[in-house]
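Some notes on the structure that comes next.
Just so it is clear, none of the values below were taken in a lab; they were calculated from the coordinates. The shown structure was predicted, so the numbers you read here are calculated from the model rather than taken from an experiment. Glycine also receives a Cβ, built like all others from the backbone with ideal geometry; neighbour counts cover every protein chain displayed.
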Amino acid sequence: MRNVVIIGSGCAGLTAAIYAARANLKPLVIRGLEAGGQLTLTTLVENFPGFPKGVQGPELIERMQNQAAEFGAEFVEGQVTRADLSPRPFVIEVGSETIETRTLIIASGASAKMLGLESERKLLGHGVSTCATCDGYFFRGKEVVVVGGGDTAAEEALFLTRYATQVSIIHRRDQLRASKIMQDRLFRNEKIKFVWNAVVADVLDVKRGEVTGVKLKNTKTGDETIKSCDGVFMGIGHTPNTSLFRGQLEMNEVGYLITHEGSKTNVPGVFAAGDVQDHIYRQAITAAGSGCMAAIDAERFLERE
């Protein structure tokens, strides 16, 4: 029987583990398939407090994990294959192992939607990014492209104009899906250009280990062209990792968990933290803050019981 089980090992899950371990609750962290979350795909992190010269994403995650372990948190590799929140204690299955817990903190994050290109995967963190707020600063004075046509792409593009000399939005159609107000802002911005009826067929240049351009395919004619750029930002949205909890926990229409009074879900004893419930900020520091909240909420829940 566990007091606290934490699903996820990114900033939210590891911060929750630190707080729960210091409260002598001996939390168990299920690391998941994407252990460490999206920070492990990031190179230099310059906006996390306490690191004036920045810190590598994987190093930051490793430090957090070591800190949690120092206070007694335990870790298990693997992915949760089943979660039953109807009985008390809750029942979690990781492969063939069954775990019972009095409280559960869900910090399984959200996965950025990608194009599925091998070059895109290889250049992730080397010119390919899924977060303009995280990486925009590295593209000062450079030309970048944003893939997508919805509000996510619009927000990314507008933010990038603070740093880049030119931001080109690549969209498969001839009109945007973004809200009217966002479209108006895009069209008014002189730094933003549009490439209509086009998809990214490849990201260049894997051999050089950096982005030098993209190969574009026209969706109407099939013609291929090369567009030079220094960075590629994916603005096609995120998918919260919440499929296990459908029908058990309240979610919005996209699948993000709905929380109230801090990190509480609609099931007493179940808490959510990080990108799994935050579709607005999606930052390492906000994820860490919500992980702190979830651990404190779990501790107080156990005290009341």
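Worth a mention:
- Under the Karplus curve 6.51 cos²θ - 1.76 cosθ + 1.60, θ = phi - 60°, whole-Hz ³J(HN,Hα) for region 220-235, x wherever Gly or Pro sits: 9, 9, x, 5, 10, 9, 10, 10, 6, 6, 9, x, 10, 10, 7, x
- Residue-averaged 222 nm ellipticity for the chain, from DSSP H runs of 4+ at -39500 (n - 2.57), nearest 500: -7500 deg cm²/dmol
- If you wrap the tightest convex hull around every Cα atom of region 181-232 and split its volume per residue, you get 91 Å³.
- Projecting the Cα atoms of 144, 132, 181 onto the charge dipole of region 114-234 (Cβ charges, centred on the Cα centre) puts 181 farthest toward the positive pole.
- Beyond 30 Å in Cα-Cα separation lie the following of the pairs 53/180; 26/53; 53/215; 191/217; 180/227; 113/142: 53/180; 26/53; 53/215.
- When cysteine pairs in the chain are screened for C-beta atoms closer than 4.7 angstrom, the residues that find no partner are 11, 229, 292.
- Secondary structure note: in the chain, about 50% of the DSSP beta bridges are antiparallel.
- Taking amide hydrogens as placed 1.01 Å from N in the peptide plane, the amide H of residue 3 sits under 5 Å from those of 102, each at least 5 positions away in sequence or on another chain.
- Toward the positive end of the charge dipole of the chain, with +1 on the Cβ of Lys and Arg and -1 on the Cβ of Asp and Glu, the farthest Cα among 254, 90, 30 is that of 254.
- By other beta-carbon atoms within 10 Å, ranking 1, 293, 182 with the fewest at the front produces 1, 182, 293.
- In region 114-234, the alpha-carbon atoms span a convex hull of 91 Å³ per residue.
- Kirkwood analysis of region 1-111, using all unique Cα-Cα pairs, places the hydrodynamic radius at 14.3 Å.
- Summed side-chain charge close to residue 217 - residues other than residue 217 whose Cβ falls under 12 Å, Lys, Arg +1, Asp, Glu -1: +1
- Of the peptides 51-63, 86-98, the ranking by mean beta-carbon count within 10 Å, highest at the top, reads 51-63, 86-98.
- Amide H contacts of residue 194: 169, each under 5 Å away and 5 or more positions distant or on a separate chain (H built 1.01 Å from N in the peptide plane; Pro and chain starts excluded).
- In terms of surrounding Cβ atoms within a 10 Å radius of their Cβ, 245, 75 rank from fewest to most as 75, 245.
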